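Worksheet for the structure shown next.
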Amino acid sequence: MQPYIFPYIGYFQLINAVDQFVVYDNIQFTKKGWINRNRILVNGKDEYFTLPLKKDSDYLQVVDRKLADTFQTEKQKLLRKINEAYKKAPCFSTVFPLIESILNRDAENLFEFIYHSLLMTCNFLGIHTEIIVSSTIDMDHQLKSQDKVLAICKALQAGQYINPIGGVELYSKEIFNGHNIRLNFIRSNAMEYPQFKNEFIPWLSIVDVMMFNSTEQIGTYLQSGFTII
């Protein structure tokens, strides 16, 4: 999976559902993707936040991208925005220190920053799945798409690969079966929880889920809030 900053709960449902989770560091950065941005609730509406990056080639891999020099200032603005947006949320007092710790990490490498945030969030949520960085796997790293996934599965001696539902058109169960690997997809079930007195906005960052739900309730979402097909 690509690395994302504070991804939506479906990302963590996938991590929790598998024995090993591979996060890509040696893939090309996607400029208009979700790697360095996400959405939170601000005054009843969804609002994007973005980790600023140093200007560089659009062809660099994620592991080669750097946070901008302005990040030291921008992260304080983001912390203030999160504080103002969620200070009256039921779980603010336990979640905001986690967000502070993650954003205040002294790091300039984008992947290192996101990887650290992923580990800390999983620990907070009680997810103990082994998380493997793709570049550490002994395989041909020039492979792409389905061939790359198959190579990863073989290198890790995996008998099953689970991908988010969005990959249904990208991967073939027949081809995976031909390599003695079961291919399944995970689809998050519709979920809804109180977001103050506002109309519910689904699939925001995990920050939103944590602010409004206890770790026990989130544990329920992680265990049974999805379907494997």
> Which pairs have Cβ atoms under 8 Å, sit 6 or more apart or on different chains, and link a residue in segment 12-36 that is free of Cβ contacts under 8 Å to residues at least 12 places away in the same chain to one that is surrounded by fewer than 20 Cβ atoms within 10 Å (Cβ to Cβ) and outside any loop (DSSP other than H, G, I, E, B)?
Replying inline: none
>> Restricting to segment 33-50, and then to whatever is part of a loop (DSSP other than H, G, I, E, B) and open to solvent by 30 Å² or more (accessible area, probe 1.4 Å), can you tell me which residue is nearest to LEU119 (Cα to Cα)?
In response: TRP34
> Do the conditions hold for PHE226, that is, is it among the aromatic types (Phe, Trp, Tyr), under 14 Å from ALA17 (Cα atoms) and open to solvent by 30 Å² or more (accessible area, probe 1.4 Å)?
Replying inline: yes
> Could you list, in sequence order, the residues of segment 51-60 that are open to solvent by 70 Å² or more (accessible area, probe 1.4 Å) and within 15 Å of PHE113 (Cα to Cα)?
Replying inline: LYS54
>> If I ask for residues that are surrounded by fewer than 16 Cβ atoms within 10 Å (Cβ to Cβ) and under 25 Å from ARG39 (Cβ atoms), which ones from segment 182-200 would you list?
In response: ARG187, ASN189, ALA190, GLU192, TYR193, PRO194, PHE196, LYS197, ASN198, GLU199, PHE200
> Does GLY219 fit the bill of being at pLDDT below 95 and open to solvent by less than 40 Å² (accessible area, probe 1.4 Å)?
Replying inline: no
> Mind checking which residues of segment 23-32 are closer than 17 Å to GLY167 by Cα and open to solvent by less than 20 Å² (accessible area, probe 1.4 Å)?
Replying inline: VAL23
> What number of residues within segment 136-181 are more than 21 Å from the chain's Cα centre (by Cα) and among the hydrophobic types (A, V, I, L, M, F, W, C)?
Replying inline: 10
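The values are calculated or read from the model by the stated rules, or taken from the named source; none is laboratory data. Predicted model only: the values in this text are computed from it and were never measured. Virtual Cβ from ideal backbone geometry, glycine too; neighbours counted across all protein chains shown. The accessibility values were calculated without ligands, DNA or RNA, using every heavy atom of the protein model including side chains. Shrake-Rupley method; radii C 1.70, N 1.55, O 1.52, S 1.80 Å.
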